[in-house]
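Below is one structure, written out as structure tokens, with a few remarks after it.
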Amino acid sequence: MGRRNRRNRQRHQRSTEQRSPAEEEQRRKAREQAAWECGYPEIIKENKLFEHYYQELKIVPDGEWDKFMASLREPLPATIRITGYKSHAKEILHCLKEKYFKELQDIEVDGQKIEAPQPLSWYPEELAWHTNLSRKIIRKSPELEKFHQFLVNETESGNISRQEAVSMIPPVLLKVQPHHKILDMCAAPGSKTAQIIEMLHADMNVPFPEGFVIANDVDNKRCYLLVHQAKRLNSPCIMVVNHDASSIPRLLVENNGSREVLYYDRILCDVPCSGDGTLRKNIDVWKKWTTLNSLQLHGLQIRIATRGVEQLAEGGRMVYSTCSLNPVEDEAVIASLLDKSEGSLELADVASEIPGLKWMPGITQWKVMTKEGHWYEKWEDIPTSRHTQIRPTMFPPKDEEKLKSMNLNRCMRILPHHQNTGGFFVAVLIKKAPMPWNKRQPKLQRRPPVSACDASIAVAPELVKAVTENSAGMADEPAVDTENGETKPCTNQSDSSKTDIVCCPPPSKKMKLFGFKEDPFVFVSEDDPIFDPIQTFYALDPSFPKKNLLTRTQEGKKRQLYMVSKELRNVLLHNSEKMKVINTGIKVLCRNNDGEQYGCAYRLAQEGIYTLYPFINARIVTVSIEDIKVLLTQENPFLSKFSKETQKQANNFDMGSIVLKYEPDPQEPETLQCPIVLCGWRGKTSIRSFVPKNERLHYLRMMGVEVFKEKAEVLEKKPVEGKACDEEHIDEKMDIDGAKEESKELSGNESGDDEDPKEEDVIDRGVLEHVALKNTSAIPASVEDQAEDASVSKESVD
């Protein structure tokens, strides 16, 4: 074969040398023309094996099969969810109802009359809506340009998520409270994680809820999409880690001077699956579907679910979900988990927890089919040659009494034709007692708390020690002595005289890492000299948790300061040798060297202002609604353009970073009725705001300012090259590029010289780019369009 290929290449090279450049160009154009005329072959939405399989299993009620298949062949309708925890959720809902939804009425696109969007009947407070429009129509139709632009900007600002309806169900069933410790085992790209964060921050007046979310994903690159999603919600209570969910390490935390195992109150186990419930949006599944995918994923799904319940606290709740309709991935996994738990787990009856949602109960009898179409009703019938492919746990339990006690009918299977959705499966498990193989709880090892006199504490984020798991994911925690059950104290502590103290430094042999290498997390000590000027300049309240400040720079200037909740700080300090942390914390302060001459080298960051503002007691300027409009529409407005009251307040402050606060007036209900807090800069003769572009557009839209005219003017001045190319491909490329850039900033790779330019009125390069109001039509519809809604892509395994 090698000689033949070499001869073919030589012949091709000789023929190419004999042709002139003009002939080569002509041949190239001919090939392109032929490809253009042929186009992409249309995928036939049929799969006889798929229909035969599910008809035999009877997951669809009698007489509904035709409706079921017809629904699968229709495009999936677009659904949006309003971020519920933000104070302006009501303003966004009002804007949607009174403006954009009314404009959609009586419009026809491609001969299809647009139906008025309707709220999802089962989602609380009308915060989720669906329409008969597909995502493709919304992106492509000129009549829907304003609505599309609204969705793009609000999605980038974190105020709206374009998420499939059935994807919203698992977080609702988690019943999250602000004090819960939560693990999202397979989190990327992060729409469900975002829902969980919203629930943690149900009370916006509490900047640091007691609970937190640890969001994990096995794919390093997808972890950065997860960071991009989580960043939009600006929470100090989220940590993104990179592990195999089936062997995710058990963590330790300190409690009253003792180190104890961290058990989670809530766990979301949205496992990788074959994704045949996503046929409406992932049409490739039609031709690729086979039962082999389910057979190969079954073992991984059991291992992930088993590892989840091991780390669930007694009385805690774990939601298991897939976007597959196959009982091998659904009921079979739940039955296996309940069987091995020996009564430690119970399927919860959640029928009354989501009123208005239509679903089918789980089935109790099913068969297993090979990819060739051979059926098997019990394990004993399986040929020995197939024992590695088909497992005993894929079949229903033989014991009728045990099967009945499992209550598999409490599982929920959502069928597409019932409420015009995708297919989905959900089961809610309650942990009543420790798992049988974990009956012996580890004893606590007393040790003194971390000394406050340490200069700083650096937590290395690299994963340097793997937790060894057996095939069922039931290994003992390596930090626990398996003989006496006592936790092992950290060893090889660094010399306390050093500037940085590394908690449990890595052993000499490090595990080979895949993906980006992250900078360390260095907590700022209470006596760090950088903090006093900050506290004085902004008059920070004595209750400000300064020990929760961290940076990603171990040496040299600290360019960015981030903040985490005290609970996540506890997790970071005691698990550095186990976790590969991709990102945590929210940026609250940015270094600006020119600010030193005005009293503080750090300016406020907009993304963390709602976390930091409750502790700030100085340099606050109360502005009117007209002042806000000036700040958001003009790049560097003079003081004379603001109200007299604002000018008077600003004159009391020296140059430097300030807080701009708008308080709504209840006496004027027609004006914006939610508070706004912005970061600004007091110059010699002007005030400017440090607000990203999408947030500017959001606030202006809420105040009734038309933003599309500005966009059109900029487009006339700066035409976009390559406008004729496929806009959907532009969307996807810009989405990935934007995620990489923002994730790089968040991950703490701060080696570049990104200090603010030396001007009297200082402004970030990044803010200048935001203010420019460049073409936004090429901004992606959402990360969800390419990731969350692409469940097969999310849930595929080698």
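Out of everything in the range 648-689 that is of a type in the set (D, E, K, R) and touching a residue at least 12 places away in the same chain (Cβ under 8 Å), what residue ends up being farthest from Leu589 (Cα to Cα)? Out of the qualifying residues, it is Glu663. Whenever a residue of the range 96-107 is within 17 Å of Asn153 (Cα to Cα), its partners that are assigned to a helix (DSSP H, G or I) and hydrophobic (A, V, I, L, M, F, W, C), lying with C-beta atoms within less than 7 angstrom and at least six residues away or across chains, give the pairs Tyr100/Phe147; Tyr100/Phe150.
Would you mind stating whether Ala215 is assigned to a strand (DSSP E or B) and open to solvent by less than 10 Å² (accessible area, probe 1.4 Å)? Taking the combined requirement at face value, the residue satisfies it. Residue count for the range 192-212 under the criterion of being part of a helix (DSSP H, G or I) and surrounded by fewer than 21 Cβ atoms within 10 Å (Cβ to Cβ): the result is 0.
State whether one or more residues within the range 348-368 are surrounded by fewer than 18 Cβ atoms within 10 Å (Cβ to Cβ) and on the phi > 0 side of the Ramachandran plot. For the range 348-368, residues surrounded by fewer than 18 Cβ atoms within 10 Å (Cβ to Cβ) and on the phi > 0 side of the Ramachandran plot: present.
Residues checked against (1) touching a strand residue (DSSP E or B) at 6+ places or on another chain (Cβ under 9 Å); (2) in a loop (DSSP other than H, G, I, E, B):
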{"position": "Ile363", "(1), (2)": "yes, yes"}
{"position": "Ser385", "(1), (2)": "no, no"}
{"position": "Gln389", "(1), (2)": "no, yes"}
{"position": "Thr393", "(1), (2)": "no, no"}
{"position": "Lys398", "(1), (2)": "no, yes"}
{"position": "Lys404", "(1), (2)": "no, no"}
{"position": "Arg413", "(1), (2)": "yes, no"}
{"position": "Val426", "(1), (2)": "yes, no"}
{"position": "Ala433", "(1), (2)": "yes, yes"}
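Within the range 98-114, is there a residue that is outside the structural domain of Gly277 (by the TED database), farther than 26 Å from Phe425 by Cβ and among the hydroxyl-bearing types (Ser, Thr, Tyr)? Yes, the range 98-114 contains a residue that is outside the structural domain of Gly277 (by the TED database), farther than 26 Å from Phe425 by Cβ and among the hydroxyl-bearing types (Ser, Thr, Tyr). Taking the range 89-111 as the range and being open to solvent by 10 Å² or more (accessible area, probe 1.4 Å), touching a strand residue (DSSP E or B) at 6+ places or on another chain (Cβ under 9 Å) and either farther than 21 Å from Ser121 by Cβ or of a type in the set (Phe, Trp, Tyr) (or both) as the test, the residues that pass are Phe101, Asp106, Ile107.
Restricted to the range 557-638, the set of helices (runs of 4 or more DSSP H) holding at least 3 residues that are under 25 Å from Ser689 (Cα atoms) comprises 609-612, 625-633.
Determine which member of the set Ser624, Ser657, Ser640 is on the phi < 0 side of the Ramachandran plot, of a type in the set (Ser, Thr, Tyr) and touching a Cys at 6+ places or on another chain (Cβ under 8 Å). Result: Ser657 is the single residue among Ser624, Ser657, Ser640 that is on the phi < 0 side of the Ramachandran plot, of a type in the set (Ser, Thr, Tyr) and touching a Cys at 6+ places or on another chain (Cβ under 8 Å). Look at (1) farther than 21 Å from Ala187 by Cβ; (2) of a type outside the set (Phe, Trp, Tyr); (3) not assigned by the TED database to the domain that holds Cys679 and you find that Asn575 fails only one, number (1).
Of all residues in the range 224-234, none satisfies the criterion of being open to solvent by less than 10 Å² (accessible area, probe 1.4 Å) and farther than 14 Å from Lys192 by Cα. Contact annotation: residue pairs with Cβ atoms under 7 Å, 6 or more positions apart or on different chains, pairing a residue in the range 292-306 that is closer than 19 Å to His387 by Cβ with a partner that is open to solvent by 40 Å² or more (accessible area, probe 1.4 Å) and basic (Lys, Arg), are Leu292/Lys371; His298/Arg391; Gly299/Arg391. Every test in (1) more than 23 Å from Leu72 (Cβ to Cβ); (2) small (Gly, Ala, Ser); (3) open to solvent by less than 10 Å² (accessible area, probe 1.4 Å); (4) part of a loop (DSSP other than H, G, I, E, B) is passed by Gly343 save one, and that test is (3).
Condition test on Gln296, is it crowded, with 23+ Cβ neighbours inside 10 Å and on the phi < 0 side of the Ramachandran plot? Spelling it out, it is not the case that Gln296 is crowded, with 23+ Cβ neighbours inside 10 Å and on the phi < 0 side of the Ramachandran plot.
When the residues of the range 250-279 are filtered to those that are surrounded by fewer than 23 Cβ atoms within 10 Å (Cβ to Cβ) and out of contact with any strand residue (DSSP E or B) (no Cβ under 9 Å at 6 or more places or on another chain), the one that is nearest to Pro171 (Cα to Cα) is Asn255. Could you tell me whether the range 308-316 includes any residue that is farther than 23 Å from Asp399 by Cα and in contact with a Leu (Cβ under 7 Å, 6 or more places away or on another chain)? Yes; the residues of the range 308-316 include at least one that is farther than 23 Å from Asp399 by Cα and in contact with a Leu (Cβ under 7 Å, 6 or more places away or on another chain). Would you please name the residue that is nearest to Thr611 (Cα to Cα), looking only at residues in the range 673-683 that are at pLDDT below 90 and open to solvent by 10 Å² or more (accessible area, probe 1.4 Å)? Filtering the range 673-683 for residues that are at pLDDT below 90 and open to solvent by 10 Å² or more (accessible area, probe 1.4 Å), the one nearest to Thr611 (Cα to Cα) comes out as Pro675. Residues of the range 240-249 that are buried (at least 24 other Cβ atoms within 10 Å of the Cβ) and not in a loop (DSSP other than H, G, I, E, B): Val240, Val241, Asn242, Ala245.
The values are calculated or read from the model by the stated rules, or taken from the named source; none is laboratory data. From a predicted model like this one, the values you see are computed outputs, not experimental measurements. Counting neighbours? That spans all protein chains shown, and the Cβs are built from the backbone with ideal geometry, glycine included. Accessible surface is based on the protein model in full, side chains and every heavy atom, while ligands, DNA and RNA are left aside. Shrake-Rupley method; radii C 1.70, N 1.55, O 1.52, S 1.80 Å.
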